[in-house]
Amino acid sequence: MSAPGRLLMAGAILVLGAPATAQAAPTPEPDSPGVEATPEAAEGVPTEVTSWFRADGWEILASQAGDQIGLGTDEMDHAGMGLVRTVSTWSDAYVDGVSTNRAVVALEEWVAPITVDDAGAGVLRARLADDGEIQLVAVEPSPELAAAMPALAPDAPVVHDAVLDGWFTVEEDRVRPLDANARDSLAGTLTLEAYQPFVTERYLADEAPTSPETTASTWMPAAWAGGIAALLLAWAGVIVWLRRDGAR
């Protein structure tokens, strides 16, 4: 066969073989599980945690989303998992009022928002267990938090206040609430320094003893005060009676 003939034959083979090659490696559909189960992670999130959210996280969500956050099968087909972030909390120094320089500290816990068609639905939380394994904390219905998290900068902290069970963030030295529980304590924004006394008061009140002995000891002064007041009133009545009797 001549050289031009061989070139034509090679071109025909390439053209005829192209459809078979395209069929062998189809492009994943946007809604396929393999595409959905790949949430990104913020800087500092361990690789094994990201892997857990991409695998176990989606399995847990598929089995619990209906009961925990009210997602139906059709909604799960359009569900998405947002950026996995490390959960922070208030530092001891901040709670104790010692310093505002390091107001939050990272926990060995992580959270990702769950959305349906970009609308907030809930969050998926996991933590490092004592045995070193990643385990589920909760699948929580929190549409407001799930909607707020994607709008945060990747390095912005998400701060869980354990007393309020509320979520905050800190942006340029200002505290901002991310859900309704947090807004019960802070309606707008405040500087870390201005908000610190409220955190201290809240945590001190939460740590106050509530044992029966404490209840009895705090009740006794009130009881004595009530008895003394009653006694004084009784003496006042006697004095008034005596004055009336003497005036007759």
Practice task
Report, by residue number, each residue of the range 147-165 that is exposed (fewer than 12 other Cβ atoms within 10 Å of the Cβ) and in a helix (DSSP H, G or I).
Solution key: ALA151
Problem - PRO212 being at pLDDT 95 or above and open to solvent by 30 Å² or more (accessible area, probe 1.4 Å) - result: no
Problem - LEU107 touching a strand residue (DSSP E or B) at 6+ places or on another chain (Cβ under 8 Å) and either among the polar types (S, T, N, Q) or surrounded by fewer than 19 Cβ atoms within 10 Å (Cβ to Cβ) (or both) - result: yes
Handout entry: Count of the range 121-146 residues which are crowded, with 18+ Cβ neighbours inside 10 Å and in a helix (DSSP H, G or I)
Key = 3
Handout entry: the range 56-115 - residue that is assigned to a helix (DSSP H, G or I) and within 17 Å of the chain's Cα centre (by Cα) and, of those, nearest to ALA126 (Cα to Cα)
Key = GLY57
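The values are calculated or read from the model by the stated rules, or taken from the named source; none is laboratory data. For clarity, every value in this text was computed on a predicted model and none was experimentally measured. In this analysis, Cβ positions are derived from the backbone assuming ideal geometry, glycine residues included, and neighbour counts consider all displayed protein chains. These area figures cover heavy atoms from the full protein model, side chains too; ligands, DNA and RNA do not enter into them. Shrake-Rupley method; radii C 1.70, N 1.55, O 1.52, S 1.80 Å.
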